[in-house]
Amino acid sequence: MNILDIRNLSIKLLTSTTPILAVDRVSLAMKEGEVRGLVGESGSGKSLLAQAIVGVLDDKWQVDADRFHWRGIDLMRLSVDERKKVISKDVAMIFQEPMACLDPTTTIGAQLEEAVDDEQLTGYFWQRKQQRKLAAANLLHKVGIKHHEVCTKSYPHQLTEALCQRVMIAMALAKRPILLIADEPTAAMESTNQNQIFRLLASLNQLKNMSILLISHDLENVTHWTNTITVMYSGQFVEAGTTQHIFNKPYHPYTRALVDSSPKANMQIPMKSRLMTLPGSIPILQHLPIGCRLGPRCPKAQKACVQAPKVKNYHGHQVSCHYSLKGSY
Amino acid sequence: MLIFTLRRLNLFLFTMLILSILSFSLSFLFPGEQIINISGQINATPEGIELVALEYGKHESLITQYWIYLNQLFEGNWGVSMTSQLPIYGEILNHLPATIELTMTALFIAMVTGIPIGFIAAINHRKKADDFILSFAMIGYSIPIFWLGLLTILIFSIQLGWLPSAGQISLLYEIKQVTGIQFIDILLSDSPYKWQAFQNASSHIILPSCVVALAPATIFIRLARTSMLNVLDTHYIKAAMAKGLTFQQIIYRHAIRNALVNVIRDVGLQFANLVTLAMVTEVIFSWPGIGRWLIESIYQRDYTAIQGGLLALSCFIFLVHILTDFIYATLNPLARETHRGPQ
Ligand SMILES: Nc1ncnc2c1ncn2[C@@H]1O[C@H](COP(=O)(O)OP(=O)(O)O)[C@@H](O)[C@H]1O
Ligand code: SF4
Ligand SMILES: [Mg+2]
C-alpha cells in the first residue's frame, strides 16, 4: 500500500511573461517503511518537488498533479489549508542548509518546544510548559545530543552545521511523522558526521517504521541507505526502481552516466584513468530544451527525442527514455 | 556583549574627537576673528581680547590651542552668545531638554505607527492594502514639513480649536526646573495643579510631535515592509510552516522579531533626519528647543552659539544612535557574537 502516491506532478514558475515548467510531470510513490532516494544533479528540481509535497512553496509557483494521494486521501480535492493540515500532521521535512532553517533570534529550546504537538501533552495548561521542556529534551536525546541544557539555551549560530542538522531532525521527529523528507541532510558535512546522520535516519526508519525520502545529488552516497531510488534530471522524471536495479542495471542513459561517474562502481578500472561523465552541464530554467531535456547531453539521443518520452514500466522498474538500455543487459 | 560595549565605546570616543575637532575648526572657518568666534566676547576692549587670547592659548601651537579648547568644553565654558552675552552652556542646558522631549515623542510616535503599518503592508503583499499603504507612505514622505505644520495649526488650533499651536506649556503653570525634561519636572513638582499641568503639556506636544513624526513614520513603513518581506522569504519561515505552525504563530513568534531587528538597526540613521525636521517644526510651533535657538543664532550670525549648538546637537544624535545599537544588540543574538560549542 502506497502512503504517498504522486502522478505527473508539475511545478510552474509564474513569471511576468510565460510560465516556466520547472518540474515536468514527475511521479513518485512511497510505501510504508520504505527509504527512497531522490537523486539528480543540483538544479534538477528535487527541492522544489519536496517543498511542493509539504506545501510550502510561495505563490509564485503553481503546482498541478494528475494524482496526489496521501494515505488514501485525495489531496487535490482539498483546499490549500486543509491539504496543509493533513500533510503537516504526518509529513515532516528537513530542509537543505539547516542553519538557515532555524530562526536566528530564537533559542533552539524555544523552537523545539513549539514543534511539540499539543495533542501529545496530557497535563493541565500550567503543566504544559514543563512538559514541553521535557519533550524537547527527550527529542534531543533521541537524535544523540546528550547535553541538552547547553543546546536548548544556544542560538542557532552558536552551533555547528552538523548539530543544527540534528536539531532539525529532532524538530521533525516532534510530531512523530509517518514520512520524513530529508533534503540533502548531509550536504557540506564531513564524512564522519555524514555517516552519523545517515545512521540516525536508518535507525529511525527501523525502530519507528518511518518512511524516509532521502534527497541527494550524489547517487553513490545514498545507495547504501535506500531501498528504492527515483532519479530526476532538470525537472523531468528519469528512472525509478530498486536500489540494486538502479545501481547495477540502469535502463536510462542518464543513470548510466551517474553510475559510471561514481568511483565505487568503478573499482576495477585502472588508477588515474578518467571517469566517464556526460559533457556539458544541467540547463538553467530560462533555457530548457524541448522534449527530453537530457537531449543535448545524451550519447544516445536521436530525432525522436525532441518529443518527451513516455514512462515505461518493466516490473516496477520505470524508465522514461525512447532508447532505454534495457536490451543491452 | 563586553566586546560589543567596548567597540561602541571606542566608536563613541573617536566620534567625539572628530566632532570636537570640527567644532574647533569652525571658529577658524567662520568670518571674523577666531578668538572672538570661539569666546563670543564681541564687545571686549583690545585689552580684554588679549586676556581671552591668553586664556585660549592663542599664542601657542594649534594642538595646544585645541587641547585648551577641549579643557574649556569639559569645564562648561562654551563661550558666551554674541547677541545676548549669556553663557552658551547654560543656554544649551535650557533648550536641549525641550528638543529631547519633542524628538523622543516624535520618534516614539513614528515607530509605533510606522512599523506595524509596514508589517501589515508586507503581510498583504501584492494586495490592495499594500498598494494603499505604499502610496500613503509616498505622499506622507513628500509633504513639505513647514506646509504641514501650518496646515495642522490652521485646522486643529484655529478652526477646530482642539489643540494649542505654540509653546510647550501654558504660562499659567509654573514648574520648577529640576531635570529640564518638562514632563518629569511636572511629575516631580508638588504643585496642586500637577495633573492639569500635565494635561496641558501633553496637549501642547501632540501637534508638533505628530508633524515631526510623519515623514520618519513613512520611512519606517517602508523599512518595516521591506524587512518583513525579506524575513517572510527566508528558509526558517518555510521550515516553521512545514512544522505546522499557523500563519499567525509564524508572524508573532518568528517574523516580527526578526523583522524588527533589521528596522531597529536603521532607527539610529533616521534619527538625524528627524532632528532636522524637529528644528523646522520648533520654529513653526514656537517650541523652546535648541533647534529654534540654533536657527535664530544662524539668522543673527551668532557664531559662538552656532558652534556650541551644533556640537551639542550632534552629540545628542550620536548618543541616540549608540542607544539604538544597544537595543539592536539585545534583540539580535548574532550581533552579540559569543560562540559556544556544546557536545
Ligand atoms: N526561488 C526560486 N526562484 C527562481 N528559480 C528557482 C527558485 N528556487 C529554485 N529555482 C530553480 O529551480 C530549479 C530547481 O531547483 P531546486 O529544486 O533547488 O534543485 P535541486 O534541489 O535539485 O538542486 C533550479 O534551476 C533553480 O534555479
Ligand atoms: S529520450 Fe533520447 S535524449 Fe532522452 S535520454 Fe533517452 S535517448 Fe537520451
Ligand atoms: Mg536542493
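The values are calculated or read from the model by the stated rules, or taken from the named source; none is laboratory data. Here the structure is a predicted model, which means the values were calculated and not measured. Please note: Cβ atoms are built from the backbone with ideal geometry, for glycine as well, and neighbour counts cover all protein chains shown. Just the protein is used for accessible areas: all its heavy atoms, side chains included, with ligands, DNA and RNA removed. Shrake-Rupley method; radii C 1.70, N 1.55, O 1.52, S 1.80 Å.
Miscellaneous remarks
- Residues (part of a strand (DSSP E or B) and surrounded by fewer than 19 Cβ atoms within 10 Å (Cβ to Cβ)) located in region A:30-49: A:Lys31
- Subset of region A:262-294 [within 16 Å of ligand 2 (Cβ to nearest atom), modelled with pLDDT under 85 and open to solvent by less than 40 Å² (accessible area, probe 1.4 Å)]: A:Leu278
- Answer residue from region A:171-209, given it is of a type in the set (Val, Ile, Thr) and crowded, with 17+ Cβ neighbours inside 10 Å and is farthest from the other protein chains (Cβ to nearest Cβ) among those: A:Thr186
- B:Ala129 in contact with a helix residue (DSSP H, G or I) (Cβ under 9 Å, 6 or more places away or on another chain), free of Cβ contacts under 8 Å to residues at least 24 places away in the same chain, over 21 Å from B:Phe198 (Cβ atoms) and not basic (Lys, Arg): yes
- Any hit, region B:281-288, residues being polar (S, T, N, Q), part of a helix (DSSP H, G or I) and modelled with pLDDT of 90 or more: yes
- Among the residues of region A:7-47, the ones that are more than 21 Å from A:Leu258 (Cα to Cα) and within 14 Å of ligand 3 (Cβ to nearest atom) come to 2 in all.
- Among the residues of region B:287-312, just one is farther than 21 Å from B:Leu29 by Cα and either open to solvent by 50 Å² or more (accessible area, probe 1.4 Å) or over 19 Å from the mean Cα position of the chain (by Cα) (or both), namely B:Arg292.
- Checking A:Arg25 against (1) open to solvent by 10 Å² or more (accessible area, probe 1.4 Å); (2) part of a strand (DSSP E or B); (3) more than 16 Å from ligand 2 (Cβ to nearest atom), the condition it does not meet: (3)
- Taking the numbered list (1) touching a residue at least 60 places away in the same chain (Cβ under 8 Å); (2) within 16 Å of ligand 1 (Cβ to nearest atom); (3) assigned to a helix (DSSP H, G or I) in turn, A:Ala52 passes all entries but (1).
Matching residues to (1) basic (Lys, Arg); (2) within 14 Å of chain B (Cβ to nearest Cβ):
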{"position": "A:Ser27", "(1), (2)": "no, no"}
{"position": "A:Lys31", "(1), (2)": "yes, no"}
{"position": "A:Gly37", "(1), (2)": "no, no"}
{"position": "A:Gly40", "(1), (2)": "no, no"}
{"position": "A:Val56", "(1), (2)": "no, yes"}
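- Restricting B:Phe74, B:Phe30, B:Phe24 to residues that are on the phi < 0 side of the Ramachandran plot and surrounded by fewer than 17 Cβ atoms within 10 Å (Cβ to Cβ) narrows the list to B:Phe74.
- Among the candidates A:Asp103, A:Asp74, residue that is touching a residue at least 24 places away in the same chain (Cβ under 8 Å) and of a type in the set (D, E, K, R): A:Asp103
Residue by residue, here is whether (1) open to solvent by 50 Å² or more (accessible area, probe 1.4 Å); (2) more than 10 Å from chain A (Cβ to nearest Cβ) holds:
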residue	(1), (2)
B:Pro216	no, yes
B:Arg222	yes, yes
B:Arg225	no, yes
B:Tyr236	no, no
B:Asp266	no, yes
